[in-house]
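The values are calculated or read from the model by the stated rules, or taken from the named source; none is laboratory data. Just so we're clear, the structure is a prediction, and the values are computed from it rather than from any experiment. Note: ideal-geometry Cβ built from the backbone for every residue, glycine included; neighbour counts use all protein chains shown. For the accessible areas, the whole protein counts, side chains as well, though only heavy atoms, and no ligand, DNA or RNA atoms are used. Shrake-Rupley method; radii C 1.70, N 1.55, O 1.52, S 1.80 Å.
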Amino acid sequence: MGSEDLKLMDVFSYESLVHAVSGAVGSVTAMTVFFPLDTARLRLQVDDKRKAKSTAAILAEIIKEEGLLAPYRGWFPLICSLCCSNFVYFYCFHSLKDTWLRGHRSTPGRDLIIGIVAGVVNVLLTTPLWVVNTRLKLQGAKFRNEDIKPTHYKGILDAFAQIVQQEGVGALWNGTFPSLLLVLNPAVQFMIYESLKRQLMRGVHRELRSVEVFLIGAIAKAVATTITYPLQTVQSVLRFGQHGQQAEQSKLLSSLRSVMYLLINRVRKWGMLGLFKGLEAKLLQTVLTAALMFLLYEKITSSTFRVMGVKQHVKFH
């Protein structure tokens, strides 16, 4: 069997599929548990005239003004987007790792590069889902910013159709430029996670304890989120599609100017701390979600391999 056949087997392997399904299931479950925190984070990022600053205060406002189920508005499209996105990311990450690291030692640098490549593939394939998800999640919200125009989407398919009809196909990829920059977020997260995992498993042939997986998942996500948060805010505003910037003929130039405009505008309004508006809600939600996701992912993966009688390749020693 030639080397090309071996590479194809790595890309379309049973092991990569198990990792992808485990990552998708873990992330969907974790996000469902902590979904209201994501609602609070998104409101703080997009509705810049809201006075409530803390996560608890903004959730109390949302429930009082919009009803008890309002914090779960947009749950279904977000779960669909998250499931697809994490399936693609985990599949790409582990298949690329199998292909590139055959016979080689895994290092933080290699993990970072593999994470970036997997992130780029993921962004290009799933950005339309995230654009629709952002629109549906904010639909019906009571905004303090009067410039935000209400939308009327009946569901995921109707949102796709209206966006294409009214704004063009390119609008489905709003926020792609900052999203491509933000591939550093999961790449840094996986690099730190895999590095900490290697350190804990060095010289010890055992599965990590649940508390260890939870803690290293939380640490990895906290670092990655804090580093990339200003771009995440810009990404949310661009996906919402009401940032008030004129489009240029060049898509890349338009995206770059939009990113710079939004970053500078936030600094002018609130100073450097304005770039981190909503970080408390984001850290609370994303750290807990990522920690639970990694815990479920590891447990589902190891259980699946054990039940199927397949020996998992060890790549972190």
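Tabulated data
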{"read-out": "Qualifying residue in the range 250-270 (condition: at pLDDT below 80, open to solvent by 20 Å² or more (accessible area, probe 1.4 Å) and assigned to a loop (DSSP other than H, G, I, E, B))", "value": "yes"}
{"read-out": "Filter result for Ile113 (open to solvent by 60 Å² or more (accessible area, probe 1.4 Å), part of a helix (DSSP H, G or I) and of a type outside the set (Asp, Glu))", "value": "yes"}
{"read-out": "Number of the exception - Glu4 against (1) modelled with pLDDT under 85; (2) crowded, with 18+ Cβ neighbours inside 10 Å", "value": "(2)"}
{"read-out": "Residue within the range 89-100 that is outside any helix (DSSP H, G or I) and of a type in the set (Lys, Arg) present", "value": "no"}
{"read-out": "Odd one out for Val204 among (1) open to solvent by less than 30 Å² (accessible area, probe 1.4 Å); (2) at pLDDT below 85", "value": "(1)"}
{"read-out": "Pairs where the first residue, in the range 101-129, is closer than 19 Å to Asn185 by Cβ and the second is of a type in the set (Lys, Arg), C-beta under 7 Å, 6+ apart", "value": "Ile114/Lys97"}
{"read-out": "Number of positions in the range 195-242 that are closer than 30 Å to Leu263 by Cβ and in a loop (DSSP other than H, G, I, E, B)", "value": "2"}
{"read-out": "Residue match in the range 132-154 (condition: modelled with pLDDT of 85 or more, in a helix (DSSP H, G or I) and out of contact with any Gly (no Cβ under 7 Å at 6 or more places or on another chain))", "value": "yes"}
{"read-out": "Index of the failed condition, Gln312 passing every other in (1) surrounded by fewer than 14 Cβ atoms within 10 Å (Cβ to Cβ); (2) modelled with pLDDT under 80; (3) assigned to a helix (DSSP H, G or I)", "value": "(3)"}
